[in-house]
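Sharing a structure here in structure tokens format.
The values are calculated or read from the model by the stated rules, or taken from the named source; none is laboratory data. The structure displayed is predicted, hence computed values, not measured ones. Please note: Cβ atoms are built from the backbone with ideal geometry, for glycine as well, and neighbour counts cover all protein chains shown. Just so you know, the surface numbers come from the protein's heavy atoms only, side chains and all, with ligands and any DNA or RNA stripped out. Shrake-Rupley method; radii C 1.70, N 1.55, O 1.52, S 1.80 Å.
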Amino acid sequence: MAMNDTRLIAAGVILLAFFLWLSPVASATGPELLHVLGIVAAIDEKHIEVKTARGPVVSVLLNKQVKYKNKNNPKSIGPPAVGDRVIIEASKEDKHKKVTATIVHYSPIRSAPLPQ
């Protein structure tokens, strides 16, 4: 019985060592995921600038794979306009230090008053 216990403990130690070795390797390979919240200050085909609640303007790169999701019109695929509220799901690559959007959720500003 002692031989089985020793093997079980040895297997556990080896497994633990493997996972401890694997964890920094797995975390260092992927991009950092971010959320940017605020109001669109400027937008063009290549980037969007967002004024955050804390004050600074954050620039986020846009590419052809970006998905736009309008809260008021789920079928819309167009980008937001200046003044719209946005939540941007983005990633930050370690080697380039650039933030790139993957999904832009937005709520457009009202263009017309509500009828009474």
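Could you please find all residues in the stretch 72-86 being open to solvent by less than 30 Å² (accessible area, probe 1.4 Å) and touching a residue at least 12 places away in the same chain (Cβ under 8 Å)?
Within the stretch 72-86, 80, 83, 84, 86 qualify.
Among all residue pairs at least 6 apart or on different chains, which show Cβ distances below 8 Å where the first residue, located in the stretch 90-110, is free of Cβ contacts under 8 Å to residues at least 60 places away in the same chain and the second is among the small types (Gly, Ala, Ser) and in a loop (DSSP other than H, G, I, E, B)?
Pairs found: 108/81; 109/81; 109/83.
Please go through the stretch 61-88 and pick out each residue that is at pLDDT 90 or above and charged (D, E, K, R).
Once the filter is applied, which keeps residues that are at pLDDT 90 or above and charged (D, E, K, R), the stretch 61-88 yields 64, 67, 69, 71, 84, 85.
Condition check ((1) over 15 Å from residue 91 (Cα atoms); (2) out of contact with any strand residue (DSSP E or B) (no Cβ under 8 Å at 6 or more places or on another chain); (3) surrounded by 10 or more Cβ atoms within 10 Å (Cβ to Cβ); (4) modelled with pLDDT of 90 or more) across all residues:
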site	(1), (2), (3), (4)
12	yes, yes, yes, no
24	yes, yes, no, no
30	no, yes, yes, no
37	no, no, yes, yes
45	yes, yes, no, yes
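Show me the strands (runs of 3 or more DSSP E) entirely contained within the stretch 36-116 in which 3 or more residues are of a type outside the set (D, E, K, R). Give the derivation first.
On the way: elements: 47-51, 57-61, 67-70, 85-92, 99-107.
Because the criterion is at least 3 residues that are of a type outside the set (D, E, K, R), the strands (runs of 3 or more DSSP E) in the stretch 36-116 that meet it are 47-51, 57-61, 85-92, 99-107.
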